[in-house]
Every structure is written in structure tokens, then in C-alpha cells.
Amino acid sequence: MDTSEEHLLRQAIGLARAAREAGDPPFGSLLAAADGTVLAEERNTVLSDGDITAHPELKLARWAARELDPATAAATTMFTSCQPCGMCAGAIDRSGLGRVVYALSTEQLLALKPGGGFPGFRQDGPALLDEASAVVDGFYT
Ligand SMILES: [Zn+2]
């Protein structure tokens, strides 16, 4: 990582600080073009919005998918104060962003978070293969 990328990562950490100062969880992210131009920036607003999905990485992935053509999205880099969670990683994958640079890893975050991560949930399946397949079959052609 060069000094210009460190500068962008520090900006993402600054957005995390702003989120904390606003009473939200301390996470921030920005999306930069290949030349380092900041295209969009977001901070966590989970508490102030009452929205469990209001992570900055997810908001930026949705913005990119809506506003950028695929080639432009692929040329961008997301700089984020913490490694994206599973929800955000899925959205980033679907948005076609080219790269993510993060400061804290998930393991490093969990070391700072009493009680650790999320409790997880039970999943049962697959089931009703014929009925479920009939709804999907032919959609992806
Ligand atoms: Zn997330």
C-alpha cells in the first residue's frame, strides 16, 4: 500500500470516528476511482437510522451498482475502516467493485468487541427441490 492509499484509508477511519461521534457504531468507508478521486463516502448509521443494514460498505456497494457502469465499478477501490462483514461482502461481490482495502481485520475487531460476533442461526434445507426449481428454471438464460 502506497502513501496515497494510506491517506484514503485514514479518511475512512475519519468517517468511522465521525460515526462514533454521532452515536453510531464506529465504521466508515469510501469508494475511490483508480486515480484516487473519492467518488462516494459513507459511515455507519445503524443506530441513527434504526436499520441493521446501514453499514457503510453496503451503502457504497448499492450506490456503485446503481450509479456506475460495470467497467467503472471494477476500476474502483473501497477503503474501509474494518474488513467487510458477511452481509457487506455479499453486496460488494454483487456490485462488481474491483478491490477492498481495510484497516482492522474481523479478528482484530472482535478482540475489541466484548461478546464477540453475532450468534448465528439455524438453516434447514435443501427441501422441495422440484417445486423450488420450477420457479427458477429458465430464468437465467
Ligand atoms: Zn457490514
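Using only the C-alpha atoms of the chain, find the volume of their convex hull and express it per residue in Å³. Could you put the intermediate results ahead of the total?
Details: hull volume 21.4 nm³, N = 141.
Per-residue hull volume (Cα only) is 152 Å³.
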Completion exercise
Listed with the fewest Cβ neighbours within 10 Å leading, Ile92, Ile13, Ile52 appear as Ile52, Ile13, Ile92
Completion exercise
Within the chain, the percent of DSSP beta bridges that are antiparallel, given to the nearest 5, stands at 65
Completion exercise
Short to long, in 5 Å steps from zero, the percent of alpha-carbon pairs of the range 2-45 per bin is 6, 27, 28, 19, 12, 6, 1
Exercise for the section: Please find the FRET efficiency linking Glu5 to Gln108, where r is the Cβ-Cβ separation and R0 is fixed at 25 Å, and quote it to the nearest 0.05. Expected result: 0.85
Practice task
Before anything else, pin down the relative contact order of the chain: Cα pairs under 8 Å, at least 6 apart, normalised by residue count, whole percent.
Solution key: 19
Handout entry: Computed magnitude of the charge dipole of the chain (debye, nearest 20; Cβ of K, R +1, Cβ of D, E -1)
Key = 400
Handout entry: Prolate/oblate/rounded label for the range 64-127 (Cα gyration tensor, a/c 1.5)
Key = oblate
Handout entry: Cys82 long-range amide H proximity, modeled H, under 5 Å
Key = Gly28, Ala103, Leu104
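Once the other residues with Cβ under 15 Å from the Cβ of Gly23 are scored (Lys, Arg +1; Asp, Glu -1), what is the net sum?
-1
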Handout entry: Fully extended contour minus Cα-Cα distance, from Thr37 to Ala22, at 0.36 nm per residue
Key = 2.8 nm
Exercise for the section: Rank by packing, highest mean first: peptides 102-112, 35-45, 75-85, 128-138, with packing defined as the count of other Cβ atoms within 10 Å averaged across residues. Expected result: 75-85, 35-45, 102-112, 128-138
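Every number here is computed from the coordinates shown, using simple stated rules; none is lab data. In this text, all values refer to a predicted model and were calculated from it rather than measured experimentally. Positions of Cβ are backbone-derived with ideal geometry, glycine not excepted, and every protein chain shown enters the neighbour counts.
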